[in-house]
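The values are calculated or read from the model by the stated rules, or taken from the named source; none is laboratory data. These numbers come from a predicted model, not from an experiment. For neighbour counting, all protein chains shown are included, and Cβ atoms are generated from backbone atoms with ideal geometry for every residue, glycine included.
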Amino acid sequence: MRALISLARPTEHHLDFIFSASRIADISSNTYLPRFTDRAEATHWISVVPHGYVIELPDGPVGFVSVHDEVDLGGAELPLPPGAKEIELWLIPEARGKGFSTEAHERLLETSARDTPLVAIVWENNEDSIRLFHKLGYSTVGHIYWSGPDGEGPCWVGLLSDIQASVSTQK
């Protein structure tokens, strides 16, 4: 049964949610969402996220999914297909384990990432996210030591290259 989520472009309406989510330690430390110090930073972030969607339920937002035009391997090199893009996906803790990530991923593939090889980069200590991406059809490309402005450490890198097969197996 579908969870009835929707994907919406982030707007000022989502500002409180995004600001609050940035204050959740495992979101700000495991994703591209920085820990905002004030609402102005969150407002700016909303304006510069070109391919992102707030994951919403009828009673409010629960997460975020986006596709970045470039894959940031933090200086490491791995064999990735041409045109590959990086996916980011996070949920607030109380929304996890209920199928919302799977549905948001499916919706993303249906709307904006069709026929695009997607790369997931996940801190190796985030075992739940690695399991999720395997469930979604990502295969392991390799492991890197990522170093960048968001931190550094060992990361798992997964690739979803057969989009059509993934969409059909998730249904």
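A residue that is in contact with a strand residue (DSSP E or B) (Cβ under 6 Å, 6 or more places away or on another chain), at pLDDT 90 or above, surrounded by fewer than 20 Cβ atoms within 10 Å (Cβ to Cβ) and of a type outside the set (A, V, I, L, M) can be found somewhere in segment 153-164. The residue that is nearest to the chain's Cα centre (by Cα), among those in segment 27-43 that are more than 28 Å from LEU160 (Cβ to Cβ) and free of Cβ contacts under 8 Å to residues at least 24 places away in the same chain, is ARG35. No other residue among ILE24, ILE18, ILE46 is farther than 23 Å from ASP69 by Cα and either under 16 Å from the mean Cα position of the chain (by Cα) or in contact (Cβ under 8 Å) with a residue 60 or more places away in the chain (or both) apart from ILE24. Would you mind stating whether GLU56 is under 17 Å from ARG9 (Cβ atoms) and of a type in the set (Asp, Glu)? Spelling it out, GLU56 is indeed under 17 Å from ARG9 (Cβ atoms) and of a type in the set (Asp, Glu).
Selection within segment 28-56: residues that are closer than 21 Å to GLU94 by Cβ and charged (D, E, K, R). The member of this set that is surrounded by the fewest Cβ atoms within 10 Å (Cβ to Cβ) is ARG35.
Residues of segment 34-70 that are aliphatic (A, V, I, L, M) and at pLDDT below 90: ILE46, VAL48, VAL49, VAL67.
Within segment 89-141, restricting attention to residues that are among the small types (Gly, Ala, Ser) and out of contact with any Leu (no Cβ under 7 Å at 6 or more places or on another chain), the residue that is surrounded by the most Cβ atoms within 10 Å (Cβ to Cβ) is ALA120. Just so you know, in segment 57-66 the residues that are surrounded by fewer than 19 Cβ atoms within 10 Å (Cβ to Cβ) and in contact (Cβ under 8 Å) with a residue 40 or more places away in the chain include one that is farthest from ILE18 (Cα to Cα), and it is PRO58.
Screening GLY151, GLY97 for residues that are free of Cβ contacts under 8 Å to residues at least 24 places away in the same chain, out of contact with any helix residue (DSSP H, G or I) (no Cβ under 7 Å at 6 or more places or on another chain) and within 21 Å of ILE24 (Cβ to Cβ) leaves exactly one candidate, GLY97.
For the structure I just gave you, tell me whether GLU94 is of a type in the set (Asp, Glu) and either modelled with pLDDT of 90 or more or not in a helix (DSSP H, G or I) (or both). Considered against the rule, which asks whether it is of a type in the set (Asp, Glu) and either modelled with pLDDT of 90 or more or not in a helix (DSSP H, G or I) (or both), GLU94 comes out as yes. When we screen GLU103, GLU88 for residues that are in contact with a strand residue (DSSP E or B) (Cβ under 7 Å, 6 or more places away or on another chain) and closer than 13 Å to TYR53 by Cβ, the only hit is GLU88.
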